[in-house]
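**Student:** For reference, the structure I am asking about is given below.
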Amino acid sequence: MKKNANADTVNKRHSTRRRNPTQARAEATLVAIRQACLRIIEHEGHQRLTTNRIAEVAGISIGSLYQYYADKHAIAADICNELLLAELDELGRFDAQTLALVKTSLEDTLRFFIDEHVARQRRLYRKLRDFYLEIHWHYDFEAYMVEKFPAKRTTASWLPAALKYHRASLAVEDFPLAATMVMNAIEGTIHATLDRNPALIMSDAFAGELLAMVLGYLKHPRCFAQGGAR
C-alpha cells in the first residue's frame, strides 16, 4: 500500500508536541497556532500551509512555533488529538458499548466498532481536508489515548477475548492472530481508501462492505492445511 512520503515527518506517530504548555499564555499560543493552521486550510488551501505561514497568521514568531512543534504535520496531529479529545465522553460511551455488545453479538460488536472507526476518520478528513491525506497513515489516536490514559483498554486487549467468546460460530482458531488480521484489515482498508479514493470513505456503503469483508475472513471455512498447502 502506498504511503504519502510527506507523512514521514509526523513525529513518532502520536507524539505531537516538543513540550507541553505550563502557563495560560503558552496554552493560548498553542490555540492560536492550531486555529491559524485550520484557517489557512479553509481559506487558502493546504498547499499554502507552511510553518512560516502558520506563525504569520497566528501572530507569533517562527521561533515560538518551533518551541512546541517540529513541523506542520505535528500541528495537524495535535489538532486531531484535540478534536477527538473534545469527544471524550463519547469515547467512553464507545468503549462501554463495544464491550457490552461482545456478549450479545459479535457481528453487532464489529459493526459498531467499524462504524465508529470510519466516522472518526470522516470527522478528521472533513476538518483537515486534503491535508489529512498527507498525515493519516501516521496518525494513531489509540496509541495517543493509551499514552494519555494508560488504564484504557486497547482493541488488541479486548478483541481476541471477544473472538474466543464467539468461537463456536467462527472458522478461526488463533484468536490473537485473527484479532491482528481484523485490525490490520480495517485500518489498512480505511487508509488505502483515503489514499486512492477518499470520497469513497464518505459513502454509506463503505462501512457495510468493510464489515462483510471482516466477517467473511472470520467465518469462512479454511480449505487448506496449516502452512498454506492446498
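The values are calculated or read from the model by the stated rules, or taken from the named source; none is laboratory data. From a predicted model like this one, the values you see are computed outputs, not experimental measurements. Counting neighbours? That spans all protein chains shown, and the Cβs are built from the backbone with ideal geometry, glycine included.
**Student:** Take Ile60 and decide whether it is surrounded by 16 or more Cβ atoms within 10 Å (Cβ to Cβ), in contact with a Ser or Thr (Cβ under 7 Å, 6 or more places away or on another chain) and among the β-branched types (Val, Ile, Thr).
**Tutor:** Criteria met by Ile60.
**Student:** Among Ala207, Ala178, which is in contact with a Pro (Cβ under 9 Å, 6 or more places away or on another chain), touching a residue at least 40 places away in the same chain (Cβ under 8 Å), under 22 Å from Leu101 (Cα atoms) and part of a helix (DSSP H, G or I)?
**Tutor:** Answer to the selection: Ala178.
**Student:** Given Leu124, Leu133, which one is assigned by TED's automatic domain parsing to the domain that holds His191 and without any contact (Cβ under 8 Å) to a residue 60 or more places away in the chain?
**Tutor:** Just one listed residue meets the conditions, Leu124.
**Student:** If the requirement is being more than 30 Å from Phe175 (Cβ to Cβ), among the polar types (S, T, N, Q) and out of contact with any strand residue (DSSP E or B) (no Cβ under 9 Å at 6 or more places or on another chain), which of these qualifies: Gln67, Gln97?
**Tutor:** From the options Gln67, Gln97, the qualifying one is Gln67.
**Student:** Could you look through region 60-96, keep only residues that are in a loop (DSSP other than H, G, I, E, B) and over 20 Å from Arg19 (Cα atoms), and pick out the one that is modelled with the highest pLDDT?
**Tutor:** Restricting to residues being in a loop (DSSP other than H, G, I, E, B) and over 20 Å from Arg19 (Cα atoms), the top hit is Ala86.
**Student:** Here is a follow-up. Looking only at residues that are within 19 Å of Glu82 (Cα to Cα) and of a type in the set (Ser, Thr, Tyr) in region 17-50, which one is surrounded by the fewest Cβ atoms within 10 Å (Cβ to Cβ)?
**Tutor:** Thr22
**Student:** What are the residues in region 135-169 that are under 22 Å from Ala207 (Cα atoms), assigned to a helix (DSSP H, G or I) and acidic (Asp, Glu), if any?
**Tutor:** Across region 135-169, the qualifying residue is only Glu142.
**Student:** From Val172, Val118, grab the single residue that is in a loop (DSSP other than H, G, I, E, B) and crowded, with 16+ Cβ neighbours inside 10 Å.
**Tutor:** Matching residue, one of Val172, Val118: Val172.
**Student:** In region 92-104, is there at least one residue being touching a His at 6+ places or on another chain (Cβ under 9 Å) and touching a residue at least 40 places away in the same chain (Cβ under 8 Å)?
**Tutor:** Looking through region 92-104, at least one residue is touching a His at 6+ places or on another chain (Cβ under 9 Å) and touching a residue at least 40 places away in the same chain (Cβ under 8 Å).
**Student:** Can I ask one more? Condition check: in contact with a helix residue (DSSP H, G or I) (Cβ under 8 Å, 6 or more places away or on another chain), within 11 Å of Ile75 (Cα to Cα) and at pLDDT below 90. Does Arg34 satisfy that?
**Tutor:** Considered against the rule, which asks whether it is in contact with a helix residue (DSSP H, G or I) (Cβ under 8 Å, 6 or more places away or on another chain), within 11 Å of Ile75 (Cα to Cα) and at pLDDT below 90, Arg34 comes out as no.
**Student:** Let me ask something else. Mind telling me which of the residues Val102, Val146 ends up being within 21 Å of Ala86 (Cβ to Cβ) and either among the β-branched types (Val, Ile, Thr) or in the same structural domain as Cys37 (by TED's automatic domain parsing) (or both)?
**Tutor:** Checking each option against the conditions leaves just Val146.
**Student:** Just to be sure I understand the filter: pairs with C-beta atoms under 8 Å, separated by 6 or more residues or on different chains, first member in region 15-33 and within 22 Å of Arg53 (Cβ to Cβ) and touching a residue at least 24 places away in the same chain (Cβ under 8 Å), second member among the aromatic types (Phe, Trp, Tyr) and exposed (fewer than 15 other Cβ atoms within 10 Å of the Cβ). Which pairs pass?
**Tutor:** If the second residue must be among the aromatic types (Phe, Trp, Tyr) and exposed (fewer than 15 other Cβ atoms within 10 Å of the Cβ), the pairs left are Arg18/Tyr66.
**Student:** Could you tell me how many of the residues in region 135-171 are in contact with a His (Cβ under 7 Å, 6 or more places away or on another chain) and not small (Gly, Ala, Ser)?
**Tutor:** 6
**Student:** Out of the residues in region 97-115 that are touching a helix residue (DSSP H, G or I) at 6+ places or on another chain (Cβ under 9 Å) and outside any helix (DSSP H, G or I), which is surrounded by the most Cβ atoms within 10 Å (Cβ to Cβ)?
**Tutor:** Applying the filter and picking the extreme gives Ser105.
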